[in-house]
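The values are calculated or read from the model by the stated rules, or taken from the named source; none is laboratory data. Remember, it's a predicted structure, so these values are computed and weren't measured experimentally. Quick reminder, even Gly has a Cβ in these numbers, built from the backbone with ideal geometry, and neighbours come from all protein chains shown. Remember, those area values only see protein heavy atoms, side chains included, never the ligands or the DNA or RNA. Shrake-Rupley method; radii C 1.70, N 1.55, O 1.52, S 1.80 Å.
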Amino acid sequence: TNRKSVTVMGLGPMGQAMAGVFLESGYAVTVWNRTASKADELVAKGAIRASTVDEALAANELVILSLTGYEVMYAILEPSSANLSGKVLVNLSSDTPEKVRKAAKWLADRGARHVTGGVQVPPSGIGKPGSYTYYSGPREVFEAHRETLEVLTGTDYRGEDPGLAMLYYQIQMDIFWTSMLSYLHALAVANANGITAEQFLPYASSTLSSLPKFVEFYTPRLDEDKHPGDVDRLAMGLASVEHVVHTTEDAGIDATLPAAVLEIFKRGMKNGYAGDSFTSLIEIIKNPVR
Ligand code: NDP
């Protein structure tokens, strides 16, 4: 038959969503998971259960991995090393760019090709418009399977270096986690003062949605390593961060997060950036030993 087919290994919430969307799109889907019962629902919907890793690999050239991290990939594939030759592994597990580069080499040494993916949506976004995934690795391998991958999400191919998709993923997570923690921190201060999350919502949203304008404004200056103090000065920023720390302490709230920000501002002051923009702090961040 000409039916399109794919193997999905790893059936956590993400892998289950992916296998489900492939089934709905008419693909023949072979599934494997360490805890076999997680495949039951998919098998009831028509997926083919592979009872071993070797069976899962043998079923298709294209094998999608959705695992907790890259260590799990070795745990699963190492015993089946002899059966990797000729396979295309699209690894949609999250990890560091360095681990991804090593894994791509490990697979290449066994005759397999590796495409890295960094999924930008939760399982509920799989198969939905507007979702996307960063990809990197050999362009012709990505292009050969693009249509299948686009069943899951939109694709954003970042380049040949296998680490790139994960690098883009991690720099987004860097923003996401520190921003969300800053939101939780501000909410804790608000709560301590009798303000609910509901009451805080329009104010939190307003500040968060003002950030792109700042990022755009500072982008050309950052690319030119120029940090003039014409619109903001580090000394002014320092006073502002101190006020945040003191407001936090007065509320009896943990001050670890703003105290870390304050520490970086103080190092900027010590390095003579008082009259420069707060963006000069990127020099402090890039040179951690000063
Ligand atoms: P889970 O951690 O729930 O899925 C883990 C999968 O890895 C399961 O199939 C699990 O098998 C398997 N696994 C873990 N350890 C081992 C092991 N030692 N040997 C064999 N199998 C193992 O993750 P998700 O499904 O939520 O996500 C999968 C990937 O997608 C992750 O890398 C995650 O970072 C990424 N991602 C997730 C998002 C989300 O919102 N969930 C969003 C974007 C990316 P078992 O069932 O047997 O435990």
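Say the dipole of the chain comes from +1 at the beta carbon of Lys and Arg and -1 at that of Asp and Glu; which of 197, 208, 153 then lies farthest toward its positive end?
153
So how much slack lies between residue 286 and residue 247, counting 0.36 nm per residue of separation and subtracting their Cα-Cα distance, in nm?
11.1 nm
How much of the accessible area of the chain, in percent, comes from carbon and sulfur atoms when a 1.4 Å probe is used?
Here it works out to 58 percent.
Return the long-range amide H neighbours of residue 255 (sequence gap of 5 or more, or a different chain), with a cut-off of under 5 Å between placed amide H atoms.
none
What angle, in degrees between 0 and 90 and rounded to the nearest 10, separates the Cα long axis of helix 164-192 from the longest principal axis of the Cα atoms of the chain?
50
With a 1.4 Å probe and all protein chains in place, put 65, 23 in order of accessible area, largest first.
23, 65
With every protein chain kept in place and ligands, DNA and RNA left out, what is the accessible area per residue of the chain? Probe 1.4 Å, answer in Å².
About 53 Å² of surface per residue is accessible.
Sort 132, 74 by heavy-atom solvent-accessible area, probe 1.4 angstrom, most to least.
Sorted descending by solvent-accessible area, the residues read 132, 74.
Hey, if we sort 254, 161 by accessible area with the 1.4 Å probe, largest down, what's the order?
The residues order as 254, 161, largest area first.
Considering only the chain, what is the antiparallel percent among its DSSP beta bridges, to the nearest 5?
Approximately 15 percent, going by the DSSP bridge assignments.
Skipping prolines and chain starts, which residues have an amide H placed within reach, meaning under 5 Å, of the one on residue 127, given they are 5 or more residues away or on another chain?
Counting only residues 5 or more places away or on other chains, the set is 153.
Provide the solvent-accessible area of residue 215, counting protein heavy atoms only and rolling a 1.4 Å probe, rounded to the nearest 10 Å².
90
Once phi is turned into θ = phi - 60°, what whole-Hz ³J(HN,Hα) does the Karplus curve with 6.51, -1.76 and 1.60 give for every residue of the range 124-131, x standing for Gly and Pro?
Computed from phi, the couplings for the range 124-131 are 5, x, 5, x, 9, x, x, 8 Hz.
When the Karplus curve 6.51 cos²θ - 1.76 cosθ + 1.60 is applied with θ = phi - 60°, which whole-Hz ³J(HN,Hα) does each residue of the range 228-235 get, with x for Gly and Pro?
Result, ordered by residue: x, x, 7, 10, 8, 10, 4, 4 Hz.
Length gain on complete extension for the stretch residue 52 to residue 146, per 0.36 nm per residue less the alpha carbon to alpha carbon distance?
Additional length available on full extension: 31.1 nm.
Using Cα atoms only, what is the angle between the long axis of helix 256-270 and the major principal axis of the chain, expressed in degrees (0 to 90) to the nearest 10?
60
Dipole size in debye (nearest 20) for the range 190-276 around its Cα centre, Lys and Arg Cβ +1, Asp and Glu Cβ -1?
Dipole of the range 190-276, to the nearest 20 debye: 160 debye.
Roughly how many Å² of residue 48 are accessible to a 1.4 Å probe, to the nearest 10?
Near enough 90 Å² of accessible area.
Round to the nearest 10 and give me the degree value, 0 to 90, for the angle of helix 139-149's Cα axis relative to the longest principal axis of the chain.
Tilt relative to the chain: about 80 degrees.
Would you tell me the accessible area of residue 40, worked out with a 1.4 angstrom probe on the heavy atoms of the protein chains, in Å² to the nearest 10?
For residue 40, the solvent-accessible surface is approximately 80 Å².
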